[in-house]
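*Asks:* Quick one: the structure is below, and I'll ask about it shortly.
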Amino acid sequence: MLASDKIATAFTAIVEEAEKLIKTETTKEQIAGLKSIISIAKHQSDIRGLKSDNCPSHTTCKKNNHGTGKK
């Protein structure tokens, strides 16, 4: 398994654990924090799963050669 695959798997595990914690009795602040963790982990997992020439979350990526190896 590649390092990026291991990292993506770790982010998936973080999401699963945070979702379990949300179901337990927590304060509004804790729930907000867990939702932030889930959002960040999902984003990182999605980005790591993309091909280097495809970045839908950044509309100017192709214009700025992001992910193409060009500068």
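*Asks:* So between residue 43 and residue 19, what do we pick up on full extension, going 0.36 nm a residue minus the alpha carbon distance?
*Replies:* 7.1 nm
*Asks:* Also, I was wondering about something else. Return the distance in nm (one decimal) between the two label points of a simple spin-label model at residue 9 and residue 27, each offset 7 Å from Cα along Cα→Cβ.
*Replies:* With each label point 7 Å from Cα toward Cβ, the separation is 3.7 nm.
Every read-out reported here was derived from the displayed coordinates using simple, explicitly stated rules and does not represent laboratory data. If you're wondering where the values come from, they're calculated on a predicted model, not measured in any experiment. Neighbour counts run over all protein chains shown; Cβ positions are idealised from the backbone, glycine included.
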